[in-house]
Amino acid sequence: MKNILFAAAEAVPFIKTGGLADVTGSLPFAFSPDEYDVRVILPCYTSIPAPLREAMRDVTHFDVQFNGRSRYLGIRELTHRGLHFYFIDNEDYFGGPAPYTDYMYDIEKFCFFSFAVLAALPHIDFRPDLIHCHDWHTGLIPPYLATQFRYDSFFDGIRTVFTIHNLKFQGICGRDELRAISGLPADLFAQGPLCSGSCGNMMQGALYYADLVTTVSRTYAQEICTPEYGEGLDRFFAQRTGRFFGIVNGIDNRVFDPASDPALKRHYDVSHVKAGKAAAKAALQKELGLEPDPEALLLAIVSRLTDQKGMDLVLPLLEKITGGPCQLVVLGTGEKRYEESFRRMADARPEKMAVKTLYDEALSHRIYAAADAFLMPSLFEPCGLSQLIALRYGTLPIVRATGGLKDTVRSLDKEGQNATGFVFENYDVGGLNWALDLAIKTFFADRKTWEKMRRNAMREDFSWNRSAEEYSRLYRQLLP
Ligand code: ADP
Ligand code: GLC
């Protein structure tokens with residue numbers, strides 16, 4: 001039996017701002033309990049829902065020296081669905097209404113989190129053989145392990161895997177600031193593992209010191225070896241073949257299941273998809289004040305509203321979408337310019353378009369179920385979970401061929417009867433327009449093909465089993 005500890009800034013059901021939380025809150029359950037004892041460690045944000053916080057037990061607390069002074073480090077614990085979750089408590093760092101606050105303060109709080117995870121280990125009844133770190137927030141765990149903590153034999157032989165969920169965010173700040181905050185040895189910052197020029201970079205530290213590095217789809221793993229997608233680190237990846245792998249994400253089939261989803265009034269599976277989706281569509285049109293038109297092609301977006309998600313391609317097509325036989329529902333928060341543009345169009349054509357600029361898990365499920373097609377024309381997409389959820393609810397994705405979108409959606413123009421969606425190549429409005437036209441044509445003029453695609457989509461298996469097996473293979477490489 002090997003012990004694995006997942007370290008991350010988010011995990012459902014405790015705290016979620018995006019797909020990272022879906023992954024760290026569901027992948028740990030997919031490993032064989034005969035082979036691995038997988039546990040998860042998170043910051044103990046005060047924004048974790050009260051019932052979950054109240055259910056936590058205090059393990060211990062003590063003070064540590066960090067960034068020039070003594071800091072409180074509490075450890076709390078909770079068993080959720082049979083799995084152990086640990087929480088690093090420090091209200092100065094993890095208080096407030098949201099997990100992320102000010103950019104520089106986030107850098108400091110996640111330097112502290114990385115340090116605190118290791119400082120906590122000797123005090124919990126669990127010594128990991130391997131720490132699986134996720135995204136830049138945990139980027140300093142491998143460098144701390146290789147330096148400050150290596151003098152304590154407790155840490156001997158602990159291996160690390162680092163998974164990149166989004167290379168866009170690396171935890172970059174001034175080199176001298178990162179050195180001062182982290183307290184890591186100065187030689188790591190002398191054009192070394194933790195800096196490029198005058199910039200300090202937390203993720204770079206993990207890429208340098210982790211035993212293995214992965215990212216969340218095969219195509220993204222290839223893309224980030226190029227300057228176009230590499231965010232300044234492309235040469236690093238290109239040189240590390242054999243130590244760098246792409247493993248596509250899955251989704252929690254229990255949480256995302258139209259046959260049992262508590263957010264839906266009427267449940268459906270692949271054999272009752274037509275009636276199930278028709279009921280969900282009628283209910284959503286009523287709820288959001290859209291025209292109660294069963295024949296409309298209902299398009300949906302559930303997303304962070306940022307340039308990553310291709311919103312610049314959607315805006316120029318809003319006139320066309322809402323002026324024709326389509327309706328559009330947008331659920332998302334993000335950049336004001338996108339929120340406002342969507343809102344303006346929805347105000348002008350409320351019978352055709354509805355916008356909710358908030359984060360609402362249950363509404364997102366009702367939208368996935370109600371929509372006919374899901375718009376996700378991303379500029380880049382490490383994996384993407386929304387298109388996987390859409391597929392599971394029989395909602396056909398309209399996506400750009402990038403990252404995980406390319407690996408998980410089969411395009412009608414190339415795959416014919418095996419297709420599950422509509423895929424365009426180039427990042428331009430013309431590309432999305434082409435895919436949208438193909439979807440409109442198929443929906444209105446070839447309903448048989450649409451229904452076949454919908455069944456294909458619902459029969460896809462994006463449960464975690466396959467990916468968990470791939471991660472297990474990597475763990476076995478490091479823990480023979
Ligand atoms: P990313 O992590 O880049 O935001 P993913 O597609 O991997 O994108 O995951 C996004 C997750 O967040 C999905 O579970 C999606 O349903 C959810 N989500 C995004 N925006 C909202 C929102 N406004 N309300 C509810 N869920 C949302
Ligand atoms: C990031 C990526 C997204 C991915 C998610 C989970 O937020 O933007 O593509 O699905 O992480 O890995």
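The values are calculated or read from the model by the stated rules, or taken from the named source; none is laboratory data. In this text, all values refer to a predicted model and were calculated from it rather than measured experimentally. Here the Cβ is made from the backbone with ideal geometry for all residues, glycine too, and neighbour counts use every protein chain on show. Note: accessible area is taken over every heavy atom of the protein model, side chains too, but ligands, DNA and RNA are not part of it. Shrake-Rupley method; radii C 1.70, N 1.55, O 1.52, S 1.80 Å.
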(request) Sum up the charges of everything whose Cβ sits under 10 Å from the Cβ of A419, counting Lys and Arg as +1 and Asp and Glu as -1, but leave A419 out. (result) +1
(message) Would you calculate the convex hull of the Cα atoms in region 25-166 and tell me its volume per residue in Å³?
(response) 125 Å³
(message) Let me check I've understood the local charge: for N253, count other residues with C-beta under 13 angstrom from its C-beta, Lys and Arg +1, Asp and Glu -1. What total comes out?
(response) -3
(message) Leaving out ligands and nucleic acids, and using a 1.4 Å probe, what accessible area per residue does region 304-384 come to in Å²?
(response) 34 Å²
(message) Per residue, how much accessible surface does region 10-88 expose to a 1.4 Å probe? Answer in Å², no decimals.
(response) 39 Å²
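Using a 10 Å cut-off on Cβ atoms, rank the peptides 359-370, 251-262 from the highest mean neighbour count down.
Working: 359-370: 20.2, 251-262: 16.5.
Peptide ranking by packing, descending: 359-370, 251-262.
Okay, helix-only estimate at 222 nm for the chain: each DSSP H run of n ≥ 4 adds -39500 (n - 2.57), divide by all residues, round to 500 deg cm²/dmol; what do you get? Please list the in-between numbers first.
On the way: 20 runs with 177 residues, N = 480.
The helix-only estimate for the chain comes to -10500 deg cm²/dmol at 222 nm.
Tell me the carbon and sulfur percent of the accessible area for the chain, rounded to whole percent, probe radius 1.4 Å. Before the final figure, lay out the partial values.
Numbers: 9500 of 18760 Å².
Carbon and sulfur together cover 51 percent of it.
Can you tell me the order of 374-381, 335-342 when each peptide is scored by its average per-residue count of other Cβ atoms within 10 angstrom, highest first?
Working: 374-381: 25.4, 335-342: 16.4.
The most tightly packed comes first, giving 374-381, 335-342.
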(message) Normalised by the empirical 2.2 N^0.38 Å for globular proteins, what value does the Cα Rg of region 270-461 take?
(response) 0.92
(request) Starting from the Cα of K414, step 7 Å along the direction of its Cβ; do the same at D156; then give the gap between the two resulting points in nm. (result) 5.1 nm
(request) Would you check the accessible area of K2, probe 1.4 Å, heavy atoms only, in square angstrom rounded to 10? (result) 70 Å²
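Taking 0.36 nm per residue of separation and subtracting the Cα-Cα distance, what length does fully extending Q308 through E351 add? Intermediate values should be presented prior to the final figure.
Working: separation 43, 0.36 × 43 = 15.48 nm, distance 2.84 nm.
Residue separation times 0.36 nm, minus the Cα-Cα distance, leaves 12.6 nm.
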(request) Given a cut-off of 26 Å, name the pairs among K265/K309; K277/K356; K168/K320 whose C-alpha atoms lie farther apart than that in the structure shown. (result) K265/K309; K168/K320
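Compare the peptides 314-321, 106-113 by average per-residue count of other Cβ atoms within 10 angstrom and give them in order, highest first.
Ranking the peptides 314-321, 106-113 by packing returns 106-113, 314-321.
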(request) Grab every C-alpha pair in the chain, bin the distances at 10 angstrom width from 0 up to the longest one, and report whole percents. (result) 4, 20, 29, 25, 15, 6, 1
